[in-house]
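A short write-up of the structure that comes next.
Values in this text are rule-based calculations from the coordinates and carry no lab data. Remember, it's a predicted structure, so these values are computed and weren't measured experimentally. Reconstructed Cβ throughout: ideal geometry from the backbone, glycine too, with neighbour counts over all protein chains shown.
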């Protein structure tokens, strides 16, 4: 397996995990979360559920999002990039 392929798999895996978390918190299939063009188009999304989903993502990956990120993130792939950046920069919390 080549390095770019491994990176793609890791990215896909993180996005799949985030979709599963959002699906669980929103009460919808993870596939519906993944198919949404943006988070705002995700079935069942409302502000309280978004907060719960983001908190669950933080707990799962041991990260913490600044408040402005919670409501400004537009897509699962953008959220995954933020999580990857935090983990790469050592911004994981002890909650993992």
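Projected label points at residue 47 and residue 12, each 7 Å from Cα along the beta carbon direction, are separated by 3.8 nanometres.
Say a paramagnetic label sat at a point 7 Å from the Cα of residue 85, along Cα to Cβ; which residues of region 50-73 have their backbone N under 19 Å from it? Zone members listed by number: 54-55, 57-59, 61-73.
Once the C-beta distance of residue 29 and residue 72 is scaled by a Förster radius of 25 Å, the resulting FRET efficiency is 0.45 to the nearest 0.05. Computed on region 3-88, with alpha-carbon pairs under 8 angstrom and 6+ residues apart, the relative contact order is 29 percent.
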